[in-house]
Amino acid sequence: MPVQSSNDAGRFLCDFIYYTSLHEAAARFGEEGLKRVLFVHVPPDGTLEEGVKVLEAVIKSIVTRGTSAA
């Protein structure tokens, strides 16, 4: 399953969830809260197993990046 970074969360529900999450994070934690939001859109044409692999890779990347930044 191809993976790419994007500034577009899609339309309708995905867009709503992403921007509502950004708004809530900013309201609770200020500007730093925006760094706490991640939206991962897994398209329906993949299998559950592929989606799990993609999310595992995303989580490992975040953890690795976080520990190397410390």
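The values are calculated or read from the model by the stated rules, or taken from the named source; none is laboratory data. Owing to the predicted nature of the structure, the values given are computational and were not obtained by experimental measurement. Virtual Cβ from ideal backbone geometry, glycine too; neighbours counted across all protein chains shown. These accessible areas exclude ligands, DNA and RNA; they are computed on the full protein's heavy atoms, side chains included. Shrake-Rupley method; radii C 1.70, N 1.55, O 1.52, S 1.80 Å.
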Name the residues in region 19-45 that are part of a helix (DSSP H, G or I) and within 20 Å of residue 57 (Cβ to Cβ), would you?
-> 35, 36
Under 6 Å by Cβ, and 6 or more places apart or on different chains, what pairs join a residue from region 35-49 that is modelled with pLDDT under 80 with one that is not in a helix (DSSP H, G or I) and not small (Gly, Ala, Ser)?
-> 46/1
Out of all the residues in region 30-45, is one or more open to solvent by less than 70 Å² (accessible area, probe 1.4 Å) and touching a Phe, Trp or Tyr at 6+ places or on another chain (Cβ under 6 Å)?
-> yes
When region 19-38 is checked residue by residue, the ones that are under 15 Å from the mean Cα position of the chain (by Cα), over 17 Å from residue 8 (Cα atoms) and aromatic (Phe, Trp, Tyr) are none
